[in-house]
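Comments concern the structure below.
The values are calculated or read from the model by the stated rules, or taken from the named source; none is laboratory data. Nothing here was measured: the structure is a model prediction, and the numbers come from that model. Don't worry about glycine lacking a Cβ; one is built from the backbone with ideal geometry, like all the others, and counts go over all protein chains shown. Quick note on the areas: whole protein, heavy atoms, side chains included, nothing else; ligands and nucleic acids left out. Shrake-Rupley method; radii C 1.70, N 1.55, O 1.52, S 1.80 Å.
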Amino acid sequence: MENTILGLHHITAIAGDAKRNFDFYSKILGLRFIKKTVNFDDPGTYHFYFGDETGSAGTILTFFPWGNGIPQGRRGAGMATEIGYSVPKGSLEFWVERFEKHNVIYNKPAEKFGERYLTFIDPDGLKLELTEVANDSRKPWTTDEVSADNALRGFHNITLTLNNMEGTARILTDVFGYRLAATEVTRNRFVTDAVENAAIVDIVELKEEKRGHVANGTVHHVAFRVANDEVLMHFREKVAAAGLNITPQIDRNYFHSLYFREPGGVLFEIATDNPGFTVDEPLAELGKNLKLPAQYESRREDIEAHLVPIN
């Protein structure tokens with residue numbers, strides 16, 4: 001495959017209470033809970049993954065639920081501030097009714113770039129959007145309460161808020177192969193033609209915006225997708241050649257990763273499709289068992305004793 005960034009791979013955010021996070025995303029939003037594991041750097045806390053049936057790249061939202069009492073984050077400059085999902089045309093009314101039923105904070109549907117969207121806030125204050133998209137053919141995960149007519153398909157876009165977008169835009173266009181497709185007031189839409197979905201990065205440029213604080217209810221990092229390790233290392237060279245510090249390749253069990261902080265301050269990751277989420281449990285069992293990185297398996301009994309039961 002050509003050396004190309006294939007849109008968004010996953011997005012990782014920070015949450016407080018683990019059970020509340022699990023219930024909101026799997027029950028209210030109707031996403032599949034595809035992996036229950038622990039933080040590589042802090043095995044005393046969970047790392048949750050939500051997505052479609054298989055955990056396809058471009059559908060994967062992950063959380064570090066660090067527990068009650070963690071500091072509250074603040075959206076602002078230098079961070080990813082909104083996570084956008086694709087939903088079918090005509091489904092926003094279903095979601096308004098559902099959010100009313102479950103006391104979810106939301107704004108009335110509005111429009112940008114010719115698309116209807118609905119903004120809402122999760123229980124920890126994370127800001128998300130549902131955008132009606134006519135041509136998203138991705139097969140959704142469905143539940144008894146969320147049918148295919150309304151279900152989330154996967155990511156539509158991610159929004160970055162920056163004081164100055166010049167350096168970030170250069171990484172998106174010159175390194176990642178995106179192009180500036182449209183601008184509305186302060187919002188600049190960058191797209192890649194390499195994939196049909198999860199292909200949009202919006203940059204909101206606000207010169208005077210106060211810097212944000214990454215903590216509870218905020219996005220931790222944004223991961224971009226590549227096909228395999230060869231392409232991953234190709235982009236490591238490109239990012240380094242652009243003058244940015246980038247990590248060595250890191251094995252995250254379900255994908256291989258590189259991390260760097262782009263010029264605007266947002267932590268970016270580049271992640272591979274391989275080996276995928278069925279590497280340690282079959283498709284039918286995804287999310288049902290606590291899966292531990294190999295280095296923590298010998299501590300399983302102690303780790304399980306300190307984790308809150310969620311399902």
Take the Cβ-Cβ distance between Asn163 and Glu111 as r, set R0 to 35 Å, and report the resulting FRET efficiency rounded to the nearest 0.05.
0.85
Gyration tensor verdict on the stretch 41-109 (Cα atoms; rounded if a/c is under 1.5, prolate if a/b is larger than b/c, oblate otherwise):
prolate
Please list the three semi-axes, largest first and in whole Å, of the ellipsoid equivalent to the chain, using sqrt of 5 times the eigenvalues of its alpha carbon gyration tensor.
27, 25, 19
With +1 on the Cβ of every Lys and Arg and -1 on the Cβ of every Asp and Glu, and nothing else charged, how large is the dipole of the chain about its Cα centre, in debye rounded to the nearest 20?
520
Got a number for carbon plus sulfur as a percent of the stretch 16-162's accessible area, 1.4 Å probe?
47
Violations at 27 Å Cα threshold for listed pairs Lys19/Lys89; Lys89/Lys127; Lys36/Lys108 -> Lys19/Lys89; Lys36/Lys108
Please report, as a whole percent, how much of the solvent-accessible surface of the stretch 182-250 comes from carbon and sulfur atoms (probe radius 1.4 Å).
49
Sorted from largest down, give the three principal axis spans of the alpha carbons of the stretch 1-119, whole angstrom values.
45, 43, 34
Quick one: Cα centre-to-centre distance for the stretch 260-311 and the stretch 87-159, in angstrom?
26
Leaving ligands, DNA and RNA out of it, work out the accessible area of Glu262 with a 1.4 Å probe and give it in Å² to the nearest 10.
0
For Met233, Met165, Met79, write out the residues from largest to smallest accessible area, computed with a 1.4 angstrom probe and no ligands counted.
Met233, Met165, Met79
If you count only protein heavy atoms with a 1.4 Å probe, what accessible area per residue comes out for the stretch 198-311, rounded to a whole Å²?
48
Helical contribution to [θ] at 222 nm, DSSP H n ≥ 4, -39,500 (n - 2.57), averaged over the chain, rounded to 500
-3500 deg cm²/dmol
Kindly report the accessible area of the stretch 8-117 per residue (heavy atoms of protein chains, probe 1.4 Å, no ligands, DNA or RNA), in Å².
36
Accessible-area ranking of Thr45, Thr143, largest first, probe 1.4 Å
Thr143, Thr45
Assign one of three labels to the stretch 95-216, namely rounded, prolate or oblate, based on the Cα gyration tensor with a ≥ b ≥ c the square roots of its eigenvalues; rounded applies when a/c is under 1.5, prolate when it is not and a/b is larger than b/c, and oblate otherwise.
oblate
Translational diffusion of the stretch 141-194, µm² s⁻¹ [Kirkwood Rh, Cα pairs; Stokes-Einstein; 10 °C; 1.306 mPa s]:
117
Quick shape check on the stretch 244-299: root eigenvalues a ≥ b ≥ c of the Cα gyration tensor, a/c under 1.5 is rounded, otherwise prolate if a/b tops b/c, else oblate, and it reads prolate
